[in-house]
Amino acid sequence: MNILIPFAGLSAVPWKNGGGSTTTIAIGPPEAGFDDFDWRVSLATIAEDGPFSRFPGVDRTLALVDGHGMTLDIDGSERVIICESGPVLAFDGDSEVNAKLNRGPTTDFNVMTRSERCYHQFGRRRLAGKSRFVARADLTLLFLAEGDTLEIASDAERINMVRYDAVLFDPGTIWSIEANQAVIFIVDIFYYNEDEEYEDE
């Protein structure tokens with residue numbers, strides 16, 4: 001079943017250190033917590049410089065949604081600037097990451113998958129007019145990162161979205177997408193088969 005997730009119906013949870021807040025968009029399994037999820041998609045507002053929480057065994061992707069971004073020091077050896085010209089970063093959840101805001105608070109889209117169970121692919125598309133979309137993964141989530149409205153439609157269903165809304169799709173359905181101007185994030189989540197042995201590369 002395809003599920004619309006209106007952002008207006010979600011609640012932000014403040015961080016314990018007071019440096020920001022996180023809004024969970026979707027998580028699997030639905031009853032999972034921070035320690036036992038297979039995958040998690042969220043939106044975070046970072047208001048102060050500081051460290052990221054560590055998630056051993058988790059692969060992460062972070063994408064800038066609003067604000068001027070931040071500079072990340074990763075494991076004391078790599079420095080990455082997240083900004084409009086380079087808005088997406090994939091990294092190991094067990095890395096030691098310290099963030100310094102570039103110019104004021106920033107809002108970021110986060111994807112996490114537990115590497116022993118599943119993996120994700122992240123896509124960012126800019127839309128103008130009509131386009132076509134097919135959900136091909138075990139789970140596919142579409143998030144409206146920029147733009148006031150977006151309409152997606154199949155032969156059997158029509159869904160209207162506003163900014164920061166998301167949709168979880170069943171695999172295989174062909175959709176048409178229409179927006180005047182928009183940026184969407186597409187998250188594809190693939191589970192490993194039971195007879196497929198995971199190898200840590």
At Asp75 and Glu96, where each label point lies 7 Å from the Cα along Cα→Cβ, what is the point-to-point distance in nanometres?
-> 1.2 nm
Pair-distance profile P(r), taking every C-alpha pair of the chain, with 5 angstrom steps and integer % = 1, 7, 15, 19, 20, 17, 11, 7, 2, 0, 0
Starting at the first residue of segment 104-114, write each ³J(HN,Hα) from the Karplus equation 6.51 cos²θ - 1.76 cosθ + 1.60 with θ = phi - 60°, in whole Hz, x for Gly and Pro.
-> x, x, 9, 10, 10, 9, 10, 10, 10, 9, 7
Per residue, how much accessible area does segment 1-98 have with a 1.4 Å probe, in Å²?
-> 53 Å²
Where Rh is the Kirkwood radius over Cα pairs, Rg/Rh for segment 118-191 = 0.94
What list of ³J(HN,Hα) values in whole Hz, one per residue of segment 137-154 in order, does the Karplus curve 6.51 cos²θ - 1.76 cosθ + 1.60 (θ = phi - 60°) give from phi, with Gly and Pro shown as x?
-> 8, 4, 9, 10, 10, 10, 10, 8, 7, 9, x, 6, 9, 8, 10, 10, 8, 10
Heavy-atom accessible area with a 1.4 angstrom probe orders Ser154, Ser53, Ser42, most exposed first, as Ser53, Ser154, Ser42
Want the number for Asp66 to Val13: 0.36 nm per residue separation, take away the alpha-carbon distance, what's left?
-> 17.2 nm
Can you send over the carbon and sulfur percentage of the accessible area for the chain, probe radius 1.4 Å, protein chains only?
-> 46 percent
Cα-centred dipole magnitude for segment 35-174, charges only on beta-carbon of K, R (+1) and D, E (-1), debye, nearest 20 | 560 debye
If you count, for each residue, the other Cβ atoms within 10 Å and average over each peptide, how do 22-31, 84-93 line up from highest to lowest?
-> 22-31, 84-93
Around Pro105 (Cβ within 15 Å, Cβ-to-Cβ, excluding Pro105; K/R +1, D/E -1) the net charge comes to -2
Paramagnetic reach from Arg124 in segment 149-183 [backbone N under 16 Å; point 7 Å along Cα→Cβ] | 164, 182-183
1.4 Å probe accessible area per residue over segment 118-191, in Å² | 49 Å²
Counting pairs of Cα atoms in segment 8-114, how many percent are more than 16 Å apart?
-> 58 percent
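The values are calculated or read from the model by the stated rules, or taken from the named source; none is laboratory data. Keep in mind that what you see is a predicted model, and the values were worked out from it rather than measured. A quick note on method: Cβ atoms are made from the backbone with ideal geometry, for glycine too, and the neighbour counts reach across all protein chains shown. What goes into the accessible areas is simple: the full protein's heavy atoms, side chains included, and nothing from ligands, DNA or RNA. Shrake-Rupley method; radii C 1.70, N 1.55, O 1.52, S 1.80 Å.
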